[in-house]
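Single-structure report; data block below.
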Amino acid sequence: MKIPIIKQSVSGELTVWRHRNGKRELVCKKKNLILNGRFTSHAGVTLSASTFYTFDDGAANYQDLDGTWNQTGNTVTRASGTGTFPSSPSQIGNELQWQDGERCHVVTRVSNTEITVSGPPRSLEAKTIRRWLTNRTSTAGSLQSASSTAGAISQNHATGTTAQTFTALFSSATAAYTLRSVMVETRARVVISPEVEVDIDDQLEMSYTITHTNGN
């Protein structure tokens with residue numbers, strides 16, 4: 001008897017449009033997987049509204065940690081090298097990005113070489129990490145915010161794909177700024193590249209889609 005192997009994959013994508021002078025312009029489409037509690041199981045995704053926040057700070061405040069790191073469950077430990085998670089400044093809420101692009105944030109610091117992280121338990125060995133140096137789950141410093149829809153779910157049983165899309169329309173900007181990053185709820189920041197200029201009276205529209213594919 002041959003036992004089938006179930007192959008699963010998850011992807012995420014942020015899309016940003018700018019409404020200006022009656023025209024809707026696509027200004028950013030970026031793949032970025034945010035698993036910090038958004039995706040709950042192979043059966044589907046959570047049905048709750050999200051809040052999108054805009055910031056004018058980008059990717060300047062990060063560090064590529066020396067060495068490699070392992071994750072077992074929700075615990076991350078150093079496998080090689082000299083990289084550390086110091087006690088000061090606080091690491092709580094700092095965002096991590098693994099070399100495969102998946103992001104999570106620090107929940108607790110155990111030692112210089114051990115932390116626990118958000119998101120689903122995983123098993124990773126000898127991977128590199130990029131660590132943001134500030135709390136990337138904080139809304140402090142956000143310029144605008146908008147609540148999304150609860151998220152429409154679409155399913156394709158032929159391909160084994162389930163997708164959920166959250167969409168939000170911002171109010172007109174009352175001051176000009178440069179959009180450099182977006183946060184979906186307090187889960188993780190997505191750096192916007194190229195940067196987007198937002199003028200007075202511009203309206204931003206955003207959607208975030210998370211897609212799970214389950215197939216043999």
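The values are calculated or read from the model by the stated rules, or taken from the named source; none is laboratory data. Here the structure is a predicted model, which means the values were calculated and not measured. For neighbour counting, all protein chains shown are included, and Cβ atoms are generated from backbone atoms with ideal geometry for every residue, glycine included.
Could you please find all residues in the stretch 171-188 being closer than 12 Å to Q144 by Cα and touching a His at 6+ places or on another chain (Cβ under 9 Å)?
S172
Going residue by residue through the stretch 194-209, is there one that turns out to be surrounded by 19 or more Cβ atoms within 10 Å (Cβ to Cβ), hydroxyl-bearing (S, T, Y) and more than 16 Å from the chain's Cα centre (by Cα)?
No: zero hits.
Which of the residues belonging to the stretch 21-54 are surrounded by fewer than 16 Cβ atoms within 10 Å (Cβ to Cβ) and either farther than 25 Å from H212 by Cβ or at pLDDT 95 or above (or both)?
If the condition is that a residue be surrounded by fewer than 16 Cβ atoms within 10 Å (Cβ to Cβ) and either farther than 25 Å from H212 by Cβ or at pLDDT 95 or above (or both), then N21, G22, K23, R24, E25, L26 are the ones that fit.
Which condition from (1) of a type in the set (A, V, I, L, M); (2) modelled with pLDDT under 90; (3) under 18 Å from the mean Cα position of the chain (by Cα) is the one that V16 breaks?
V16 satisfies every listed condition except (2).
Please go through (1) in a loop (DSSP other than H, G, I, E, B); (2) in contact (Cβ under 8 Å) with a residue 24 or more places away in the chain; (3) over 30 Å from E197 (Cβ atoms) for T82 and return the number of the only condition it doesn't satisfy.
The one condition T82 does not meet is (2).
When only residues in the stretch 83-113 that are polar (S, T, N, Q) and in contact with a Leu (Cβ under 9 Å, 6 or more places away or on another chain) count, which is modelled with the highest pLDDT?
Of everything passing the filter in the stretch 83-113, T84 is modelled with the highest pLDDT.
If a residue counts only when it is out of contact with any Lys or Arg (no Cβ under 7 Å at 6 or more places or on another chain), among the β-branched types (V, I, T) and surrounded by fewer than 19 Cβ atoms within 10 Å (Cβ to Cβ), which strands (runs of 3 or more DSSP E) contained entirely in the stretch 87-146 have at least 1 such residues?
Per the criteria, 103-111, 114-117, 129-135.
Taking R131, is it in contact with a His (Cβ under 9 Å, 6 or more places away or on another chain), under 20 Å from R180 (Cα atoms) and touching a residue at least 40 places away in the same chain (Cβ under 8 Å)?
In short, no.
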